[in-house]
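*Asks:* The structure is given below, and queries will be raised subsequently.
What follows is calculated from the coordinates using simple rules that are stated; it is not laboratory data. This structure is a prediction, so every number in the text was calculated from the model and none was measured. Cβ coordinates were reconstructed from backbone atoms using ideal geometry, including for glycine residues, and neighbour counts include every protein chain displayed.
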């Protein structure tokens, strides 16, 4: 066991060598989040390693189990940290001025967890060094539950695109200011919230497209004062890159129209723009074959949420195993997955690992 320079927690099974097989996920959670998102993937990976040890089974390559640092969007515009650093997508140059939600410098937090922020690039893996990465995860959707299926084979991972928006009007007395003379920042923000919902439901966004305004800050936020300024975040996601581009343009156009109509100043900055990640056919095939080996139906479906697998994809072939979760709930205390489904997911994860190991041996 070791902690790498990025503060990823890594367990290794097998001897020394360059190329490795990798299983993992994350154990951090959002505020008021659940007990399964990410955690199932780490515990399931540990269970696979334990079973290999007990059975005395040797793989052709060493196996690493990874608990990635800070997968959830805690550090704005940088998270996920651990998997992005491992893929070389983040370097120490990106950390300048970044702080944790507790006010600590990001560099100090990484060091406190056993990492080495001054040498964080040492955690980077080269293309080809990871022969295959597999991740077990709850679906965070209702497809598997509605179809009474325990297991899903992930085909692609949707890309999140996030913007920071401000609408500025005039703060004034809520009783003394006539309605036709108001420049209400919150009323404009309310229109934008509904516009994002409408954009996400448009045919151009296809079935997997979604849009959310999840955070607002209202100023001065007083009961008898017209809101003078609102800051908010807009997020759109899709497995289709063209749909995402259309959604971003539509948000920009709607914001301009709302601001012009209401006499508001506005800014929009797309701080986080990604592209959807299709998972390699041979990694999908390894998971699908594992399902067939164990007698599970093969149900292929995209992931609308993002994962560490998407961050590693530029340097490692990645595959994902989904298990169903109750009512598709996630990022909330009600998040739940039955132990039987977790067990079956771990079985598929282990069997898929054998398939990936076989492909690496024959490559």
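*Asks:* What does the C-alpha gyration tensor say about the overall shape of the stretch 205-355? Classify as rounded when a/c is under 1.5, otherwise prolate if a/b is larger than b/c, or oblate.
*Replies:* prolate
*Asks:* While we're on this one: How high is the FRET efficiency from residue 281 to residue 245, r the C-beta distance, R0 25 Å, rounded to 0.05?
*Replies:* With R0 = 25 Å, the Cβ-Cβ based efficiency is 0.50.
*Asks:* I would also like to ask the following. Over what distance in Å are the Cα centres of the stretch 139-214 and the stretch 224-243 separated?
*Replies:* 6
*Asks:* Next up: Could you work out how far apart the two model spin labels at residue 197 and residue 270 are, taking each label as a point 7 Å from the Cα in the direction of the beta carbon, and quote it in nm?
*Replies:* Taking the simple label geometry, residue 197 and residue 270 are separated by 2.4 nm.
*Asks:* Something else now. By counting other Cβ atoms within 10 Å of each Cβ, how are 266, 282, 137 ranked from fewest to most?
*Replies:* Placing the least packed residue first, the sequence is 282, 266, 137.
*Asks:* Helix 241-262 versus the longest principal axis of the chain: what angle, 0 to 90°, nearest 10, using Cα atoms?
*Replies:* 20
*Asks:* Which FRET efficiency value, to the nearest 0.05, is calculated for residue 298 and residue 363 with the Förster distance at 30 angstrom and r the Cβ-Cβ distance?
*Replies:* Taking R0 as 30 Å, the efficiency between residue 298 and residue 363 is 0.80.
*Asks:* For q values of 0.14, 0.18, 0.23 Å⁻¹, compute log₁₀ I(q)/I(0) with the Debye formula on a Cα-only model of the stretch 134-191, without solvent.
*Replies:* For the stretch 134-191, the Cα-only Debye profile gives -0.63, -0.75, -1.00.
*Asks:* OK, next. Can you tell me the orientation of helix 339-362 relative to the chain, as the angle in degrees between its alpha-carbon axis and the longest Cα principal axis, to the nearest 10?
*Replies:* Rounded to the nearest ten degrees, it is 60.
*Asks:* Can I ask one more? For residue 145, project a label point 7 Å along Cα to C-beta. Then give me every residue of the stretch 310-326 with its amide nitrogen under 16 Å of that point.
*Replies:* The answer is 322-326.
*Asks:* Find how many whole Å separate the alpha carbon centroid of the stretch 303-340 from the alpha carbon centroid of the stretch 256-288.
*Replies:* Between the Cα centres of the stretch 256-288 and the stretch 303-340 lies a distance of 19 Å.
*Asks:* Based only on other Cβ atoms within 10 Å, what is the fewest-to-most ordering of 1, 320, 222?
*Replies:* 1, 222, 320
*Asks:* Which angle between 0 and 90 degrees, to the nearest 10, do you get for helix 185-200 versus the longest principal axis of the chain when only C-alpha atoms count?
*Replies:* 40
*Asks:* Using r as the Cβ-Cβ distance of residue 51 and residue 260, and R0 as 56 Å, what FRET efficiency do you calculate, to the nearest 0.05?
*Replies:* The pair residue 51/residue 260 has a calculated efficiency of 0.35.
*Asks:* Shifting gears a bit: How large are Rg and Dmax for the chain when calculated on the C-alpha trace, in angstrom?
*Replies:* Every Cα atom of the chain included, Rg and Dmax give 22.6, 79 Å.
*Asks:* Let me ask another. Can you classify the stretch 232-320 as rounded, prolate or oblate using the Cα gyration tensor, where a ≥ b ≥ c are the square roots of its eigenvalues, rounded means a/c under 1.5, and otherwise it's prolate if a/b beats b/c and oblate if not?
*Replies:* Taking the square roots of the gyration eigenvalues as a ≥ b ≥ c, the stretch 232-320 is prolate.
*Asks:* Compute the convex hull volume of the Cα atoms of the stretch 159-273, divide it by the residue count, and report the result per residue in Å³ as a whole number.
*Replies:* 87
*Asks:* Related question: Can you give me the distance in nm between label points at residue 177 and residue 105, each placed 7 Å from the Cα along the Cα-to-Cβ direction?
*Replies:* The answer from the label model is 4.2 nm.
*Asks:* Further question: Just grab the label-to-label distance for residue 121 and residue 77, each label 7 Å out from Cα along the Cβ direction, in nm (one decimal).
*Replies:* 2.2
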